[in-house]
Amino acid sequence: MYFKRTDIYLTNMKPALRQIALERMQILIKNAISNARTNPKLAQRQASLAKKLSTKYRIRMPYDIRINFCKKCKKFIAPGVNARIRIGRSSVKSIRITCGFCNHTYRKIIQKSITKGQ
Ligand SMILES: [Zn+2]
């Protein structure tokens, strides 16, 4: 095991910091989604913290995090709570996300490379 996490942290600090930031971002979004129904204010705060992390460390938000932000009003939208998600039935596989705050609908095309576990 040459690439244990501790080794990476010691030899290459900057990418490690980004890796930590990315992990924190993912945890924050995960928490924000689970809090969206019971504590929407906390969810928004956690989501904005995640956004700050991405700008601070210049990390491109992973696709699965980006779809949780409205394209128009930039608010955090939790699927099933303040966003409606519909699967498109056309030949191009896509999902339609309707923001619960500004009612903006946007479409995400699901590319084959993105679907995991295949
Ligand atoms: Zn919106």
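Within the set Lys56, Lys75, Lys93, Lys108, the sole residue that is touching a residue at least 12 places away in the same chain (Cβ under 8 Å) and under 16 Å from Asn35 (Cβ atoms) turns out to be Lys75. How about the range 34-48: which of its residues are small (Gly, Ala, Ser) and either farther than 21 Å from Ile95 by Cβ or assigned to a helix (DSSP H, G or I) (or both)? Within the range 34-48, Ser34, Ala43, Ala47, Ser48 meet the criteria. Mind listing whichever residues of the range 49-104 are outside any loop (DSSP other than H, G, I, E, B), among the small types (Gly, Ala, Ser) and within 14 Å of the ligand (Cβ to nearest atom)? Hit for the range 49-104 is Ala83, nothing else.
Only the coordinates and a few stated rules stand behind these numbers; no lab work does. Given the structure is predicted, the values throughout are model-derived calculations rather than measurements. Cβ coordinates were reconstructed from backbone atoms using ideal geometry, including for glycine residues, and neighbour counts include every protein chain displayed.
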